[in-house]
Structure formats: structure tokens, C-alpha cells
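Data first, discussion second: the structure below is written as C-alpha cells.
The values are calculated or read from the model by the stated rules, or taken from the named source; none is laboratory data. Predicted, not measured: the structure shown is a model, and the values here were computed from it. Quick reminder, even Gly has a Cβ in these numbers, built from the backbone with ideal geometry, and neighbours come from all protein chains shown. In case anyone asks, the SASA skips ligands and DNA or RNA and just uses the protein heavy atoms, side chains included. Shrake-Rupley method; radii C 1.70, N 1.55, O 1.52, S 1.80 Å.
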Amino acid sequence: MQQSYQKLFENNRKYVQEKLSIDPKYFEKMAEGQAPNYLFIGCSDSRVPANEITGTDAGELFVHRNIANLVVHTDMNLMSVLQYSVEILKVKHIIVCGHYGCGGVKAAIDHTHLGLINKWLTNIVDVYRNYRTELDAIESAEDKHKRLVELTVREQVYNLAMTSIVQKAWLNKQELQIHGWVYDIKKGFINDLNIDVEKEFKDFDLYKYKS
């Protein structure tokens, strides 16, 4: 166990050496500040490394992760990240990235009792409730899971669009787009769900700031 722990430090030293061999001032430049164009809201799943799957380097992605990549309005952690990224860093894109094979989605759909985490997963059950007719018509358990993953991402994009932070940015004509992705772990590809909030979110007008 101690050996596996120490391996992290060995990897860190290799990482430093590799970066310095390319650019001796790499870390000095990193320390000067950040100006990422993207906020990436992803799942905590260890198989979904944000920088690796997008081919981005340090400083390019501002990242928030939680179980099942949920955007919950009462989550002050996420809301703080959102406000900082939009109002201070001025990111131009916010990405909600779910993934097929998500354990959180599976637990919600299987009604698995996991204790405290079930309170968090209720947000996914709410998505299921809103699309129950469509989901119950899918016979394949795998296909149903995949579809719920997609619908959950879609609802999180809507949740982002509802926030006062995003609404204020749009009201002020700030350049900001919201995207919904699903990462396919089995194939390694990212799928853009091409969500158009204005067209697809039927009650969006209720949340839009006009002044």
C-alpha cells in the first residue's frame, strides 16, 4: 500500500522533469495566473480525466467534478465555481460532460440503497420521472441507461441556463455558450448533444432576465 502511495511522488518528479526539459520556465509561467476558455463540469469517475480526453494542457480547463456531473442550484461549491469562472475568469464555454457507464446513473435507475448518496442521486431520479414514458418504453437495460445519461446531461445544461450567474452574463452580452457532452468510455470519443436551450427548453422564458 505504501509503495503505491509513493508512486505518486515518483510520477510527479517525472512530470516536472518532462515539462522542464521542454520549457525551463514552464512552471514559472503557470504561476503567473490562469485564463482558461472553458469550465468543464464532469463526473468524479476516475475514468473520465478532463484534460486527457480533450487534449488540453494545464491552464486551459477550469474543472468542477461531482458524482454524475450534476448542476444543483443549492450546491454552493458548484455555484461558487460557476460564478468565479464566468465573472472573474470570463470563460467562453461551459461544458457539462456525462459518460456512458456512469455508476451514479445506474444506482439511481436500479433503486440501489447507498445511504447518504441517495439524497444526491434523487436529482437523477427526478430526470427519470420527467422522461418516464420515453425511458420505460426502452426494453434494453443498457440502452435505457445510456438514454438516461444523455437526458441527465441535457437537464444539467438547462439548470445552468436557469442560474442568475449565466442569465446575468447573457443579459450583459457576455460571450458565453453552454454545451452538453457524453463521453463514451468504451470508444474514447466525446459526443456533443448539440443542445439548443432557446429551442429545446420549453420554459426557458420564465428564467430569462430582461433588465
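Residues being assigned to a loop (DSSP other than H, G, I, E, B), open to solvent by less than 60 Å² (accessible area, probe 1.4 Å) and of a type in the set (S, T, N, Q): count how many of those fall in region 57-85.
1
Please go through region 122-144 and pick out each residue that is more than 20 Å from Y207 (Cβ to Cβ) and crowded, with 20+ Cβ neighbours inside 10 Å.
I124
If you check A50 against the conditions, is it among the hydrophobic types (A, V, I, L, M, F, W, C), on the phi > 0 side of the Ramachandran plot and touching a residue at least 40 places away in the same chain (Cβ under 8 Å)?
Taking the combined requirement at face value, the residue does not satisfy it.
Between a residue in region 86-105 that is open to solvent by 10 Å² or more (accessible area, probe 1.4 Å) and any residue that is of a type outside the set (A, V, I, L, M, F, W, C) and part of a loop (DSSP other than H, G, I, E, B), which pairs come within a Cβ distance under 6 Å, given they are 6 or more apart or on different chains?
K92/N37; K92/E175; Y100/D184
Restricting to region 106-119, count the residues that are open to solvent by 60 Å² or more (accessible area, probe 1.4 Å), part of a helix (DSSP H, G or I) and over 23 Å from I185 (Cα atoms).
Of the residues in that region, 1 qualify.
So which residues in region 23-54 are open to solvent by 40 Å² or more (accessible area, probe 1.4 Å), more than 28 Å from C97 (Cα to Cα) and assigned to a helix (DSSP H, G or I)?
F27, E28, K29
With the structure loaded, tell me whether I138 is without any contact (Cβ under 8 Å) to a residue 12 or more places away in the chain, under 23 Å from K187 (Cα atoms) and over 14 Å from the mean Cα position of the chain (by Cα) or whether it fails that test.
yes
Within region 141-182, take every residue that is acidic (D, E) and closer than 20 Å to V81 by Cα and give me the one that is nearest to the chain's Cα centre (by Cα).
For region 141-182, the residue satisfying everything is E155.
For the subset of region 165-207 comprising residues that are farther than 23 Å from T122 by Cα and of a type in the set (G, A, S), which member is most open to solvent (accessible area, probe 1.4 Å)?
G188
Tell me, which residue of region 1-20 that is of a type in the set (S, T, N, Q) and open to solvent by less than 90 Å² (accessible area, probe 1.4 Å) is modelled with the lowest pLDDT?
Among those residues, the one meeting the criterion is S4.
Hey, among D143, D192, which residue is among the acidic types (D, E) and under 26 Å from N51 (Cβ atoms)?
Of D143, D192, the one residue that is among the acidic types (D, E) and under 26 Å from N51 (Cβ atoms) is D192.
With over 27 Å from V86 (Cα atoms), touching a Phe, Trp or Tyr at 6+ places or on another chain (Cβ under 9 Å) and either of a type in the set (A, V, I, L, M) or part of a helix (DSSP H, G or I) (or both) as the only criterion, which of I185, I138 stands out?
On inspection, the qualifying residue turns out to be I185.
Mind checking which pairs have a first residue in region 150-161 that is under 17 Å from G101 (Cα atoms) and in contact (Cβ under 8 Å) with a residue 24 or more places away in the chain and a second that is part of a helix (DSSP H, G or I) and aliphatic (A, V, I, L, M), Cβ under 6 Å, 6 or more apart or different chains?
L151/V127; T152/I124; T152/V127
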